[in-house]
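Notes follow once the structure below has been shown.
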Amino acid sequence: MAEAIVVEDLCKEYRGRTGDRVMAVNKVSFSVHEGEIFGFIGPNGAGKTTTIKTLLGLLFPTSGKAMVMGKPAGDIEAKERISYLPESPYFYEHMTGAEVLDFYCRLFKMGGAARRKKVPELLDRVGLGKDGSRALRQYSKGMLQRVGIAQSLINDPDLLFFDEPTSGLDPIAHKDIQDLILSLRKQGKTVFLSSHQLSDVENVCNRVAIINRGELVKMGTMDELLHAGRTVITLAHLSADLLGKVQPLAEHVAEDGELTKIYTETEENVHKILDMTRGSANLVSVVPQRQTLEDLFVEIVREGRH
Amino acid sequence: MIIWAIARTTVGDALRKKILQVFLVVAIGLIVLSLSFSQTLSFSSQRGASSDFMLLKSFGLGMMALAGIFISLILGVTLIPQEFERRTIYTILAKPVKRYEFITGKFLGALMTLGIATGLMGATFIITIVLKAIGAQQAAASPTLGHVLGASAEKIALFDWNMVWAVILVYLQFMVLSSIVLLFSLIFTQTVNFFMGAAVYAVGFMSTVVISLGGAEGASSALRFFYKTVSYLLPRFDQFNIPNQLLHPETQVTNMGAYTGMMALYGLLYTLLALVVAILIFERKEV
């Protein structure tokens, strides 16, 4: 399978004004296959945007390798085939939606006839067909985000970088962007998606990489990353003695007043715990549970803090 | 095409800056007002009409230069940093835009904006002078005012091409200054850049003094070397203001067209040098 992005031992170090050094990205390695939706998640300040900017050639790596569409990051030929939607995109406010898109079309050296055809097409595609002649200063945040999406589709890119594309959007705009990403997947496009909306990432991404404090912590498909067969047994009035006996069979135990939640992974342990507690504690519920990306994310970030 | 697209957008953006509009309107207003101001002079002074014309031209050129310097400084200082502040630079440089195309486009946009501003001020200036010349000629022909104004009023031409050259020279200094400020904007903060740009203009404007300090006998050799270096490095803005006879009463240029051509070459070379250095810095600048 061809790779749209290859990152090897990428390091990015910033120097503060006082001379102190901050390693924003530390020996990060991953690759993104062509045609996949790749989720790139992490808490604020984890190094997501730094990595994206490095891949776009806006920042220069301190060391390591960053290749995009087979070319070094920032290469002009590669930029012909990629696009970027930044978090909260900003444009020249005095321009209308149509003028902004016309401007970005010119950056791809599109001729007048091609631009006149492309701009209305793009406006229609993002639902701004009737608002193209309005100045951007009159646009809402959601409308500006739609303009951002439209500019990212001008060159029919093979690889799209989306940095927090749904940040601060209403549910309709949010759903539209989710649908757009799914339609891009159907068209065989590669999407590099950085988002805090973990449910979106879980729903649309083929693979996910989790970055924390500049380091890549985990990477894989959802099945590889998330526990499949976790079960939560909730008991009331469980004695301390019995809890001590049950604990070795549990992955994790959480107490909430009179209730005790026992998390266990194997079916065998579920039966053993139920047998041991029968008659000694009140069984409230037994819920088979699949770990969510959010659970994993929180777990990893909390571990990183200790 | 990319450079042109960026330049056009820069002009549209720059012309909407309120502070630039204010400077432009005030400068145009003052040039127009100078007409009535000089009208008063004509009848009160004993110098005669040609002397008043010299004053009127000097005042107009001075106004244009002053307003244009501020416009150049503000434009040059904000040209690139504002792209960072508004984050518009990210989507532009993520497109197949070479960094030199971005800088050149932005600078070309600034030059076009300065061209529009200078054109408006220059046109107002020239129209004002022509109106004044018409008024002076009519007054000279009148039996009641003719003896007051004297024979000099009759000698005043309606249109003097030297005014056009003078306006072009004023524009050329804006070009040089904005290229320096653009270069500084990649290194210094906006406030520091504004004052540095103003200082460069002030020193360049007084380059004759700096040169003479470099040759002063009493000064130490280190100090003379410093003054000489400064006089070689900084552009000689005083030379662009030669047509302003109030500033340079001793200097007479016989062929203004040739002089303007020579200064244009000097200005273009200096601008090109500043632009090349700016591009080299921007090539390695992280955005």
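Note on the stretch A:152-306: the alpha carbon radius of gyration divided by the globular reference 2.2 N^0.38 Å gives 1.38.
Taking amide H positions as modeled 1.01 Å from N, with prolines and chain starts lacking one, the residues under 5 Å from A:Ile211 and 5 or more places away or on another chain are A:Ile41, A:Gly42, A:Val217.
Compared with the direct C-alpha span, the chain from A:Lys141 to A:Asp295 gains 52.5 nm at full extension, assuming 0.36 nm per residue. 3J(HN,Hα) along the stretch A:70-86, derived from phi through the Karplus expression 6.51 cos²θ - 1.76 cosθ + 1.60 where θ = phi - 60°, amounts to x, 10, x, 3, x, 5, 5, 4, 5, 5, 5, 10, 10, 8, 9, 10, x Hz, with x in place of Gly and Pro. Neighbour counting of Cβ atoms within 10 Å sorts the residues B:Ser72, A:Ser199, fewest neighbours leading, into A:Ser199, B:Ser72. Summarising the label geometry, the points placed 7 Å from Cα in the beta-carbon direction at A:Lys245 and A:Arg116 lie 8.5 nm from one another. Among B:Trp161, B:Trp4, the order by Cβ neighbours within 10 angstrom, fewest to most, reads B:Trp161, B:Trp4. Note on the stretch B:2-284: Cα convex hull, mean projected area over all directions, 17.3 nm².
Comparing mean-square fluctuations of B:Gln239, B:Gln137, B:Gln252 from a GNM of chain B with C-alpha springs under 10 Å, the top value falls on B:Gln252. The Rg/Rh ratio for the protein assembly as shown is 1.18, where Rg is the radius of gyration of the alpha carbons and Rh is the Kirkwood radius. The ellipsoid equivalent to the alpha-carbon distribution of the stretch A:167-232 has semi-axes of 23, 15, 15 angstrom, derived from the gyration tensor eigenvalues as √(5λ) and listed largest first. Inter-chain neighbour count for A:102-109: the average number of beta-carbon atoms from partner chains within 10 Å of each residue's beta-carbon is 6. Each DSSP beta bridge with both residues in the protein assembly as shown is either parallel or antiparallel, and the antiparallel ones are about 70%.
The helix-only estimate of mean residue ellipticity at 222 nm for chain B, built from DSSP H runs of length n ≥ 4 each weighted as -39500 (n - 2.57), is -26000 deg cm²/dmol after division by the residue total. Judged by the mean number of other Cβ atoms found within 10 Å, the most tightly packed of the peptides B:275-287, A:63-75 leads the ranking A:63-75, B:275-287. Over all pairs of different C-alpha atoms in chain A, the reciprocal of the mean inverse distance, the Kirkwood hydrodynamic radius, equals 22.0 Å.
Starting from a Cα-only point model with no solvent, please compute log10 I(q)/I(0) by Debye for the stretch A:1-47 at q = 0.23, 0.27 1/Å. Values, matching the q order: -0.91, -1.04. Phi-derived couplings, Karplus 6.51 cos²θ - 1.76 cosθ + 1.60 at θ = phi - 60°, listed residue by residue for the stretch B:275-280: 5, 5, 5, 4, 5, 4 Hz, with x used for Gly and Pro. Exposure proxy ranking for A:Ser285, A:Ser167, based on other Cβ atoms within 10 angstrom of each Cβ and starting from the fewest, stands as A:Ser285, A:Ser167. With a Förster radius of 35 Å applied to the beta-carbon distance between A:Arg134 and B:Lys98, the computed FRET efficiency rounds to 0.65.
Every number in this text was worked out from the coordinates using simple rules, so none of it is lab data. As the structure is a computational prediction, the values presented were derived from the model and not from experiment. Note: ideal-geometry Cβ built from the backbone for every residue, glycine included; neighbour counts use all protein chains shown.
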